[in-house]
Amino acid sequence: MTHDHDLVLRPTPAQTEAALNPPPGRNGGDLVVETLAGLGATTVFGLPGQHALGMFDALRRSDLRYIGLRVENNAGFAADAYGRITGEAAPLLLSTGPGALTSLAALQEAAAASAPVLAISSQIPTAGLGGGRHGYLHELPDQAASFRGVVKSVHTVRTQSQIPSAIEAAWTSALSAPHGPVWVEIPQDVLLAETAIPVVTGGDAFPEELPPRPELTAVAADLLSRAARPAIIAGGGVVRADASGKLKQLAERLRAPVVTTPGGKGAFPWKHPLSLQSWIEDRHTTDFLEDADVLLVVGSGLGELSSNYHTFKPRGRIIQIEADLGKLESNHPALGIHADARLALQALLETVPKRQDATAADRVQGVLAKVAERIAGQELTLEQELLASVRRALPGDSPSFWDMTILAYWAWSAFDAKGPNHMHSAQGAGGLGYAFPAALGAAAADPTRPVLAVSGDGGALYSIAELATARQYDLNVTWLIVDDGGYGILREYMTDAFGEATATELTRPDYVALAESFGVPGVRTTPENLEQDLAKALRAPGPWVVLLPAVLRMFAPTHLGSD
């Protein structure tokens, strides 16, 4: 009997000829770009540096498209968004030491959001590896150690023959559930040395599936079938697993209300009769979820934001489906199912019977009405109107990327994403500067749709240099900058806590004039004209900046005490 694993693919005559007579002038960098192309990559992001020049020189001899950003961290954000939009591992090419380390915050966000990023960095020459402190430029005693606590896996290459296999292994790691960033490092001399290794002509790097254990889904199905008041929390794992359709089917079969976390925006239709939307930072929603006798948590670890700042105290049974093993029962005892959300939901759909409940939709509307009444009593009309203007101006199928700014915090709860994988923010790791470079990565992934980035003026200054990138590659990104003259949310937090704010006020440039100096058109708008100006910018090809001077306020939190 012949087994699949006994089969060996024989090279064609053309492949044999190419292997025996590889073209001259190739180096270790060629092995990198050839392997990426063989795995299916088409676009790479990055920033060149002295030790990495072998990789960048090889790009010239490849068909890979290169998008070069101005700061390594921003290149990481762009790769993160490319991975979220395409579901592919986004290659990120970096140089040693300072260049590599500058990407750490972006890789932390990718890890928190399960975005597949394949970071490939140079290293000091092979002779310097091992922490001997030889004084090489950019030398670190152990560069990989700086990344082990951030990325899914680390792969250090020491010879050219290791390059294809190391990159394939990293690619598989990045795309296996849970998705995430991975790190490959290759010494400068290995990248620069001429190679006689044959051209890399293909790759077999298939992500490992993560199916649920059948005995656990059987128990989960039994609990859900007998539940009187089931409810569902849908997190980012539903979006990353492309499981929104199956979530909708299961919710309708169970007649179970669904709330999405900030990372799970769009995983469930906003206006569905069973949709609690994403008002998860609200006591009325928290109370409703606590009252569920069976709570199904899919693709969420019930972390700080997803548990109303750890005030959520469920009284019923929890079923938690999570691809990240470390998040299972990390905050609440549960029937923990370590699995990809799509595969686990499919298993439940095959066994859970249809449930009747004529009250579910009414109970959902009751919660949403209470939330609306709470917000209406706080005189926050400006903030709500601005968010509505953004929603009307943005095409329904366009993705949006939000920085850590007050309007984004509103959006986490109150913005209709119009679909899965349409709204993204930096709420995973919480760093500034995400929105604009991430939007550039999304525009590179799909140039057919305009992309929106939303930043405050504080976050905008982190990524202002990428206006040059936007112009150089003519990317269809409209950047909305809400200018309140400082770190607005920190100003509000400090004023509430200490009576006054310190270190939150910023001197800022004329953003419209600055954009125009990069060759990017800009417009200064008002709350009344925002919808019109934003829609016009989104319709125009290439990059635009829309500046909105406005001081916004957050809705009152409910985790600090009862209303």
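Quick notes on this one:
- Of the candidates Leu382, Leu348, the single residue that is at pLDDT 95 or above and open to solvent by 30 Å² or more (accessible area, probe 1.4 Å) is Leu382.
- Scanning the range 364-379 for residues that are in contact (Cβ under 8 Å) with a residue 40 or more places away in the chain and open to solvent by less than 70 Å² (accessible area, probe 1.4 Å) gives Val364, Val367, Leu368, Val371, Arg374, Ile375, Gln378.
- Taken together, the residues in the range 473-499 that are under 21 Å from Leu538 (Cβ atoms) and either open to solvent by less than 50 Å² (accessible area, probe 1.4 Å) or free of Cβ contacts under 8 Å to residues at least 60 places away in the same chain (or both) amount to 9.
- Of the residues screened, Ala227 is not one that is in contact with a helix residue (DSSP H, G or I) (Cβ under 6 Å, 6 or more places away or on another chain) and of a type in the set (Gly, Ala, Ser).
- Those residues of the range 46-58 which are under 28 Å from the mean Cα position of the chain (by Cα) and either small (Gly, Ala, Ser) or buried (at least 21 other Cβ atoms within 10 Å of the Cβ) (or both), in sequence order: Gly46, Leu47, Gly49, Ala52, Met55, Phe56
- Filter result for Ala241 (touching a Lys or Arg at 6+ places or on another chain (Cβ under 7 Å), touching a residue at least 12 places away in the same chain (Cβ under 8 Å) and among the hydrophobic types (A, V, I, L, M, F, W, C)): yes
- Enumeration of residues in the range 142-189 that are assigned to a loop (DSSP other than H, G, I, E, B) and either farther than 20 Å from Ala52 by Cβ or touching a residue at least 60 places away in the same chain (Cβ under 8 Å) (or both): Gly149, Lys152, Ser153, Ser176, Ala177, Pro178, His179, Gly180, Pro181
- Residue pairs meeting the criteria (Cβ under 7 Å; at least 6 apart or on separate chains; first at pLDDT 95 or above and buried (at least 18 other Cβ atoms within 10 Å of the Cβ), in the range 21-38; second of a type in the set (D, E, K, R) and part of a loop (DSSP other than H, G, I, E, B)): Asp30/Arg61; Ala37/Asp63
- When Gly430 is tested against (1) open to solvent by 10 Å² or more (accessible area, probe 1.4 Å); (2) of a type outside the set (Ser, Thr, Tyr); (3) under 16 Å from the mean Cα position of the chain (by Cα); (4) modelled with pLDDT of 95 or more, just one condition goes unmet, and that condition is (4).
The values are calculated or read from the model by the stated rules, or taken from the named source; none is laboratory data. Small disclaimer: the values here were computed from a predicted structure and weren't measured. FYI the Cβ positions are ideal-geometry reconstructions off the backbone, even for glycines, and counts take in every protein chain you see. We work out accessible area using only protein heavy atoms, side chains counted, and drop any ligands, DNA or RNA first. Shrake-Rupley method; radii C 1.70, N 1.55, O 1.52, S 1.80 Å.
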